[in-house]
Amino acid sequence: MSIQLEDINDPISRAFERQADLHAARPAIHTSEHSLTYGQLEAFANRVANELLARRGDSPEPVPLVVAEPALMLGAALGVLKAGKFYVPVNPHFPAARVQLLMEDVNPALVMCDGSGRAALEATPHGREVAQLEDILAGRGAEDRPGAPIEPERFAYILYTSGSTGRPKGVAQTHRNVLHNIFRHNALGVGPDDTVTLLSADGFIGAVSNPYMALLNGASLAAYSFRHDGVDGALDWLNARRVTVYYSFPSFFRQVAAAATQPPPNQSMRLVYFGGEQVFPSDLAAARSLFPAATVSVGLNSTETGLTRLLMLAPEDAIPQNVLPVGGPVEGVEVKILDEAGRELEGGGAGEIAVVSPYIYPRYWRDGAAAAAANGDAAADPDEPHVFRTGDRGYIDDRGGLVHLGRLDSMVKVRGYRVELSEVESALNALPGVKEAAVVPHASTPEEVELVAYVVSSEPNPDGRGVRRRLAEVLPEPMLPSSLVFVGSLPRTSNGKVDRRALPAPGAAPETPAPSPGDAPEGQPLNPFEEGVARIWGRALSADKIGVSDNFFQVGGHSVMAVRVVTAIRKEFNVPLPLQVIFKTPTIKALAEEIARLRAEKGQPEEVGTK
């Protein structure tokens, strides 16, 4: 029984309860730590709700969830909703300064966490009441369904994204808007016979469409963490879990496809869904190769709007070779193309993409509309269509398909993560020794966008590693520039603005030399394992000298590059090195020690051949 239009005035928690009543004994979510049926997930969510009601009553208020474990995250989210409150996902793997900033912006009375979240909270001064989810799951709290009143226009959650003002921005959505978004996904046909992927880079689940699309339609979720398990075994895992619906950012899928070495085609996968960032024909071709029986689909969506366009390609359909449209209309949502004055373009042409619907009305935390919604009051007539100007550029083709041409403003997607360039620039400009900075996207290939920072330093010998280290203390990993270029000044236009088009390409810039990693003798590799890892890092980072104690993520590395590096290490040294090692101890020295330990366990000699 999928979500229908008449269901959208119910709360999200009631939609889940209907599925729990129908499928109590069926699996709801499987992770490396927990396997919960619908009945068990419902009981856990009720415990969370009753705990919240006992501590805080049923008034609407934000409840941050500082949680890494997916099953605990989803149970907590449903419990918060059942208690009439709204949740705020906070990634415990974020830098402590970022966690603290979000806490200050939300200013909650109570925070819920798991073990990873507890460690993150202990690194930030907060003085707030904390409830740990493992204790609630293992306890004997009341499992009765709470009866908290929940209006359809009440907030369901706040998702923080990178903000154009230089600070993260909290986007709030209501129960009604979330359920209509899930209703728009009905064309995918997800139901009780499906097992749907729940993929993440680090275990943390900040997504909404993916888990709710499964749980509110009776399907099972299978969680997989690239940070913990890497990509080498991902295809085997898909087979072992009998996954039927693959759902992820295309950047995650590219790593899975790149690691595949002539695997037998997976005939049980019936649907591949890409969303969250730009998709290329090569992504569709790779999906068709790995999953020949699957329909391949592409969804255009955003934090503010949910699903607005959907492309579906059956196994027999040809893959577009040049421009890839992002699909046709979805029910209840209209897309218009506007000129610079905000008027609808007549007769075709490219312009700003606007989304029009009574079911799309995003509000932002701390503004007047958010305050009204937080108190359970409708901020506007819910049946009146709202216009949301996306800041994206595109046009409608001859067949009615929307073609996405990129952004009009300074927002880019980096490995599925929304990044406002102005926020990265603000963080750079706040660092000591930085006079001025400009950040621009750079595509090494059409599928890979990274950030390049151009920095004017007030110091005669600027320290690039020091800048990276301090920046990593305040920004999440996807927002860190992969290249840091020191320049004497930033080029200007005639009206005094930074001329970003005149900035030199990375590698061709008149750089102010920064101290090279590995210049000191003690930084040189000392054994064959360190030498081999240094060589692999050098190829990935395009660097000649890297010290054995340098932090991978502070000398230009990022999560996708980490996957490639660990994959290369496994092949070179013939060891099952876990991907999480490079995140926990991201130095050549630590990786070499782990390689030596793994080889000793297998009885392999210390002398290794190099490739």
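Worth a mention:
- Checked across the stretch 87-94, the condition of being within 20 Å of the chain's Cα centre (by Cα), within 21 Å of residue 135 (Cα to Cα) and of a type in the set (Phe, Trp, Tyr) holds for at least one residue.
- Apart from one condition, residue 131 fits all of (1) of a type outside the set (S, T, N, Q); (2) farther than 23 Å from residue 50 by Cβ; (3) assigned to a strand (DSSP E or B); the exception is (2).
- If you go through the stretch 24-34 and pick out every residue that is under 27 Å from the mean Cα position of the chain (by Cα) and either surrounded by fewer than 23 Cβ atoms within 10 Å (Cβ to Cβ) or basic (Lys, Arg) (or both), you end up with 6.
- Qualifying residue in the stretch 255-269 (condition: in contact with a Lys or Arg (Cβ under 7 Å, 6 or more places away or on another chain) and either touching a residue at least 60 places away in the same chain (Cβ under 8 Å) or of a type in the set (Ser, Thr, Tyr) (or both)): yes
- Put simply, of 53, 5, 81 the only residue that is within 30 Å of residue 228 (Cβ to Cβ) and hydrophobic (A, V, I, L, M, F, W, C) is 81.
- Residue in the stretch 35-44 that is under 26 Å from the mean Cα position of the chain (by Cα), aliphatic (A, V, I, L, M), within 23 Å of residue 175 (Cα to Cα) and not in a loop (DSSP other than H, G, I, E, B) present: yes
- Considering only residues in the stretch 368-407 that are at pLDDT below 80 and farther than 18 Å from residue 153 by Cα, the one that is least open to solvent (accessible area, probe 1.4 Å) turns out to be 406.
- Any hit, the stretch 241-254, residues being surrounded by 21 or more Cβ atoms within 10 Å (Cβ to Cβ), out of contact with any Lys or Arg (no Cβ under 9 Å at 6 or more places or on another chain), of a type in the set (A, V, I, L, M, F, W, C) and not in a loop (DSSP other than H, G, I, E, B): yes
- Scope the stretch 179-199; condition open to solvent by 10 Å² or more (accessible area, probe 1.4 Å), part of a strand (DSSP E or B) and either within 22 Å of residue 94 (Cα to Cα) or of a type in the set (Gly, Ala, Ser) (or both); matching residues: 199
- Enumeration of residues in the stretch 1-23 that are within 17 Å of residue 145 (Cα to Cα), part of a loop (DSSP other than H, G, I, E, B) and either open to solvent by 50 Å² or more (accessible area, probe 1.4 Å) or charged (D, E, K, R) (or both): 10
- Test: residue 315 is at pLDDT below 90 and either farther than 27 Å from residue 158 by Cβ or in contact with a helix residue (DSSP H, G or I) (Cβ under 8 Å, 6 or more places away or on another chain) (or both): no
- Check on residue 303, surrounded by 20 or more Cβ atoms within 10 Å (Cβ to Cβ), under 26 Å from residue 179 (Cβ atoms) and of a type in the set (S, T, N, Q): no
- Test: residue in the stretch 545-561 that is more than 25 Å from residue 417 (Cα to Cα), surrounded by fewer than 19 Cβ atoms within 10 Å (Cβ to Cβ) and at pLDDT below 75: yes
- If the condition is being crowded, with 20+ Cβ neighbours inside 10 Å and without any contact (Cβ under 8 Å) to a residue 24 or more places away in the chain, then the stretch 39-70 contributes only 40.
- Residues (out of contact with any strand residue (DSSP E or B) (no Cβ under 6 Å at 6 or more places or on another chain) and either of a type in the set (S, T, N, Q) or within 11 Å of residue 92 (Cβ to Cβ) (or both)) located in the stretch 54-66: 59
- Residues of the stretch 137-163 classified as open to solvent by less than 50 Å² (accessible area, probe 1.4 Å), farther than 16 Å from residue 81 by Cα and out of contact with any Ser or Thr (no Cβ under 6 Å at 6 or more places or on another chain), total: 6
- Some residue of the stretch 1-9 being at pLDDT 95 or above and closer than 30 Å to residue 237 by Cβ: no
- On the stretch given as the stretch 110-139, residues that are touching a helix residue (DSSP H, G or I) at 6+ places or on another chain (Cβ under 9 Å) and hydroxyl-bearing (Ser, Thr, Tyr) total 1.
- All of (1) within 19 Å of the chain's Cα centre (by Cα); (2) open to solvent by less than 70 Å² (accessible area, probe 1.4 Å); (3) within 24 Å of residue 168 (Cα to Cα) hold for residue 467 with one exception: (1).
- Residue that is modelled with the highest pLDDT [pool: residues in the stretch 258-288 that are in contact with an Asp or Glu (Cβ under 8 Å, 6 or more places away or on another chain) and part of a helix (DSSP H, G or I)]: 283
- Each residue in the stretch 202-218 was checked for being outside any helix (DSSP H, G or I) and surrounded by fewer than 24 Cβ atoms within 10 Å (Cβ to Cβ), and 7 of them qualify.
For (1) at pLDDT 90 or above; (2) on the phi < 0 side of the Ramachandran plot, each residue gets a yes or a no:
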position	(1), (2)
84	yes, no
87	yes, yes
92	yes, yes
107	yes, no
122	no, yes
132	yes, yes
146	yes, yes
149	no, yes
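- Whichever residue in the stretch 591-602 is open to solvent by 20 Å² or more (accessible area, probe 1.4 Å) and under 32 Å from the mean Cα position of the chain (by Cα) and, among such residues, is farthest from residue 566 (Cα to Cα): 593
- Filter result for residue 142 (out of contact with any helix residue (DSSP H, G or I) (no Cβ under 9 Å at 6 or more places or on another chain) and under 17 Å from residue 75 (Cα atoms)): no
- Test result for residue 101, surrounded by fewer than 24 Cβ atoms within 10 Å (Cβ to Cβ), in contact (Cβ under 8 Å) with a residue 60 or more places away in the chain and assigned to a helix (DSSP H, G or I): yes
The values are calculated or read from the model by the stated rules, or taken from the named source; none is laboratory data. Quantities reported herein were computed from a predicted structural model and do not represent experimental measurements. Cβ atoms come from the backbone with ideal geometry, glycine included; neighbour counts cover every protein chain shown. Surface areas here come from the heavy atoms of the whole protein model, side chains and all, with no ligands, DNA or RNA. Shrake-Rupley method; radii C 1.70, N 1.55, O 1.52, S 1.80 Å.
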